[in-house]
Amino acid sequence: MAKKRGEERVPQLDGSLLGQRADEALRPAAEGHPSRGDNLPRRYTQSTVSRLYGLSGNRCACPGCPNKIVASPTDYDDEAVLGNIAHIYSVSAEGPRPWPGPGVPTVKEINDIGNLVLLCAHHHREVDAQSNTFTAKELMQWRENHFARTLARRTSSVPLEWRTITVKGVRFDIVTTDAVLRAVSHPRTDIVSTKEAQRVTTSVDYFFERDRGGEFSYTLTDCRSLGYVGGRFTFLSVRSEGGVYFDFSVYSHATNEWVRLDSRVPAGLFDVEKPSRWKRGWLIAVPLWVSGMVASWVFDFHVTLIGVGSCIALGAIGPVYSFVGFVRELVLRRALSRVQWAVSIS
């Protein structure tokens with residue numbers, strides 16, 4: 001069966017909706033400048049298709065259209081892709097809504113997410129057949145409004161099996177916070193002096209509003225921009241039994257990417273009600289050191305080695321505790337790296 005002009009289907013997509021690798025339609029197109037009359041190939045990068053379908057909310061971008069882009073699986077069949085990837089500006093100079101201006105677009109430009117919109121089959125045929133009615137400007141507005149509505153409804157949830165994790169005998173609760181970015185400060189430059197040299201750092205303050213009420217801010221240093229004001233974000237954090245929080249990463253709903261935060265593990269994150277290993281070490285080492293010093297003073301030189309050994313044991317407590325803390329932090333960060341991909345965004 002012949003396809004309609006400009007119509008195409010993507011059979012399998014990489015993203016949260018399908019979770020399968022796309023076929024050759026996802027292979028990045030080579031950069032080129034065909035002649036004005038040529039049809040540019042429809043080739044989309046994996047990232048473009050993933051973002052396009054992820055931001056669609058599984059609905060056609062036409063205002064008021066209830067049609068799904070991907071049909072849910074049944075007891076007898078897998079999910080089915082029903083929607084079409086439509087070009088706002090046509091891939092052909094003779095097609096609907098040709099590329100504006102005298103220049104010729106590249107393959108990358110014509111297949112960029114800024115020139116694409118997801119529509120059901122009915123509305124895809126309609127906007128191409130009545131291109132004077134459905135202009136490029138109107139289709140762009142459809143897409144932006146559609147993305148905004150989808151982002152406004154998206155929330156996060158943690159699967160039941162990942163809501164608690166245990167690291168080196170310490171139990172943590174996994175917490176996600178959905179928020180909207182309300183303001184961004186101007187970058188400020190600070191000079192940090194160390195023994196070796198001076199280092200210039202750039203810090204930016206981000207101010208968020210939680211979905212459940214309340215505001216909070218976050219400062220990022222020497223990190224790429226999180227996103228635009230009004231964008232939605234999800235923070236992944238852990239909460240210890242003592243109520244101490246540690247923010248690990250943040251998810252941008254606009255780019256479908258996790259960004260690792262540069263926050264350090266709080267000092268009290270691994271403290272629990274029972275004495276920690278570090279405290280127990282001090283409770284043993286201090287009395288041993290005192291008794292050794294007293295014995296050395298009473299019995300003179302013969303037992304001085306007890307005091308010396310006690311001092312060595314006491315001095316080793318710090319480095320040993322630091323190494324144990326480093327190992328625990330490393331294990332915690334690796335566990336959270338797995339947890340973030342289990343978080344459901346819908």
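Structural remarks
- Within segment 161-239, chymotrypsin sites (Phe, Trp or Tyr not before Pro) in DSSP loop having at most 11 other beta-carbon neighbours inside 10 Å: Tyr228
- Placing one equal scatterer on every Cα of segment 63-150 and applying the Debye formula, the log10 ratio I(q)/I(0) at q = 0.12, 0.15, 0.22, 0.25 Å⁻¹ is -0.41, -0.62, -1.13, -1.34.
- Size of charge dipole - segment 88-132 - debye, nearest 20, with Cβ of Lys, Arg +1 and Asp, Glu -1, no other charges: 20
- Surface calculation, 1.4 Å probe, protein heavy atoms: Ser47 sits at approximately 70 Å² accessible.
- With every protein chain in place, segment 163-259: carbon and sulfur % of accessible area (1.4 Å): 47
- Segment 125-166: C-alpha gyration tensor shape, a/c 1.5 cut-off, then a/b vs b/c: prolate
- Summed over the residues of segment 88-224 and divided among them, the accessible surface reaches 57 Å² per residue at a probe radius of 1.4 Å.
- Summing Lys and Arg as +1 and Asp and Glu as -1 over all other residues whose Cβ lies under 15 Å from the Cβ of Thr189 gives a net charge of -1.
The values are calculated or read from the model by the stated rules, or taken from the named source; none is laboratory data. All figures in this text were calculated on a predicted structure; none of them were measured in a lab. In this analysis, Cβ positions are derived from the backbone assuming ideal geometry, glycine residues included, and neighbour counts consider all displayed protein chains. Keep in mind that these areas ignore ligands, DNA and RNA; they rest on the heavy atoms of the full protein, side chains included. Shrake-Rupley method; radii C 1.70, N 1.55, O 1.52, S 1.80 Å.
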